[in-house]
Structures are given as structure tokens and as C-alpha cells.
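The values are calculated or read from the model by the stated rules, or taken from the named source; none is laboratory data. Quick caveat: nothing in here was measured; it's all calculated off a predicted structure. Backbone-built Cβ (ideal geometry, glycine too); neighbour counts: all protein chains shown.
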Amino acid sequence: MKNGWIRVSCNHAHELLSERMDKPLPRDRAWRLWLHLRFCDACSRVERQLELMRSAMRRLGS
Amino acid sequence: MDAAAIDRALAELRPGLLRIARLQLRNDAWAEDVVSETLIAALEGRERFGGQSQIKTWVVGILKHKIIDHFRRGGREVSVEGLAEDSGDDAVEALFHADGHRVSRPLEWGDPEASLSQVQFFDVLQACIDQLPDSLGRIFMMREWLEIETPEICKELGISATNCGVMMFRARMRLRECLEMNWFGAASR
């Protein structure tokens, strides 16, 4: 998907997923990401994988 | 646990603590210093360890505090360089076509607990963090291991929020690829 006012590419969706791990996304970007994830299995996988990485890091060493 | 058992347990924990401290600090001498301080603090405070948690969890908690103390005191340990203006990252750019599509589909990683319950997974994870460029590794560890909020990290390091965000993104993407290649996609599993 190409970037547009509503569509975001997978590359950009990955960036938004990362950004969301550091701070809440502004509403428009949150909405575009949500829409992208509804239709994109690949990015939904990456979303779960980033969560797994976070859980793993919290347990690192303990 | 009696005092002798705690002493023994602490000695056994030392190599693991050093490995993690090195991942965060990227400097052997500084890592040795904070781990020594950690073990001394643990020895001095062993009466306070009532066995309420795993001794490992307790000591790693002390290590995190010691490292954050180092950062707060400021100085060389905090050297993280921001990215140069318009610098690219070939390792990350190679993941996407020019139109923003992924070059290859990410694998299905399966049940998280299946990995998180295995010691070997954490071995691979640490090896992958070790492969990150120093600045990306340091900043990623600050965020995800020390659990410092990103705005605070950027501020302390004097890096712009945008730059900081790009660094986090690159660290996460590189780490994801490394884990997929060496753990989730590895045939040996």
C-alpha cells in the first residue's frame, strides 16, 4: 500500500508500531495504523513480535 | 537461604550479570565496576533479602539501580551518539521495497511463552543485542531493559525526539530480524 492521507505502507506501519511503544500515537496516526493492521497480516505479526520482544527484555536476567 | 548459600549464589550470578552489564554499557571496565558494586551491595544487604523473590531477580534489580546511578552521575558511560542527519540504515532499508512493502513476509513466531520459558532463547536474544551497533544497543537497553521512558532518555542524551525515535525503530527492526533468523526460523529448534 502506498502512503496517502488514509493509507500507510508496511514500512510506515512498522515505524508507527515502534513509535507506539514509546508514546501514545496522535489520534489520526493511531487510526491509520489500526486500519492498516486490520487488513495486513504481516504487520499484525510484527506487532505481536514487538510485544514479545518487550516481554523478553523485561525478563532479561531474572 | 543462609548467608553462605547467598554468597555462593552471588558468585554464580556474576558471569550473567557481567554479560548484561556489557550489553548496556558496551565497555568491559565499566561493566566490571557496576557488577562489583552490585555484588557488594547485595552482600551488605543480604539480610534484607528475605527470599521473597528469586535471588537472581533481586540482584538484577540492584544492578539496574547501579547502572542508572552511573548514568545519573553523568560522564562517559552515557555516550550515545545521535544519528547523523539523513543517515540511512542499510540493514533496515533492505527489509522494504521502495514502495514500502516488505521484501519478505515475517514468520509466525508462535506461542510467546514457548520461547520465553527457554534459557537458550535469552542466550540468542543477548547475542542479537550484542550485534547491534553500540549506540543503538545502549539506547535500546535503556528503554526496554532499564525501562526508562523515551523522552527522558532523549533528554538525558541530548538527542532530538525524532532522532531518538528513528534509533528505537532501527534497533527494534534489527533485533527482530536477528531473532527471526537465529531463533524463530532456526531449523534446530
Working only within region B:86-107, note down all residues that are outside any loop (DSSP other than H, G, I, E, B) and crowded, with 17+ Cβ neighbours inside 10 Å. B:V92, B:F96, B:R102
Taking region A:29-47 as the region of interest, how many residues are in contact with a helix residue (DSSP H, G or I) (Cβ under 8 Å, 6 or more places away or on another chain) and more than 7 Å from every other protein chain (Cβ to nearest Cβ)? 10
Only one of B:L83, B:L10 is crowded, with 16+ Cβ neighbours inside 10 Å, in a loop (DSSP other than H, G, I, E, B) and modelled with pLDDT under 95. Can you tell me which? B:L83
Residue hits (region B:134-146; among the acidic types (D, E) and either within 7 Å of another protein chain (Cβ to nearest Cβ) or within 27 Å of A:D41 (Cβ to Cβ) (or both)) are B:E144
Residue that is farthest from B:R48 (Cα to Cα) [pool: residues in region B:1-26 that are of a type outside the set (A, V, I, L, M, F, W, C) and out of contact with any Leu (no Cβ under 9 Å at 6 or more places or on another chain)]: B:R26
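Let's see how each residue does on (1) touching a residue at least 24 places away in the same chain (Cβ under 8 Å); (2) within 18 Å of B:D2 (Cβ to Cβ); (3) of a type in the set (K, R):
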position: B:L18; (1), (2), (3): no, no, no
position: B:L23; (1), (2), (3): yes, no, no
position: B:D28; (1), (2), (3): no, no, no
position: B:E37; (1), (2), (3): yes, no, no
position: B:R48; (1), (2), (3): no, yes, yes
position: B:I55; (1), (2), (3): yes, yes, no
position: B:W58; (1), (2), (3): no, yes, no
Mind listing whichever residues of region B:141-167 are under 14 Å from A:E15 (Cβ atoms) and surrounded by 22 or more Cβ atoms within 10 Å (Cβ to Cβ)? B:C164, B:M167
Out of the residues in region B:83-102 meeting the condition of being free of Cβ contacts under 8 Å to residues at least 24 places away in the same chain and at the interface with chain A (Cβ under 10 Å from one of its Cβ atoms), tell me which one is nearest to B:M167 (Cα to Cα). B:E93
Hey, could you check region B:108-133 for residues that are surrounded by 13 or more Cβ atoms within 10 Å (Cβ to Cβ) and facing chain A (nearest Cβ under 8 Å) and say which is nearest to the chain's Cα centre (by Cα)? B:Q126
Which one of these is polar (S, T, N, Q), out of contact with any Lys or Arg (no Cβ under 9 Å at 6 or more places or on another chain) and within 11 Å of chain B (Cβ to nearest Cβ): A:S18, A:S55? A:S55
Any residue in region B:80-93 that is under 24 Å from B:H65 (Cα atoms) and out of contact with any Cys (no Cβ under 9 Å at 6 or more places or on another chain)? yes
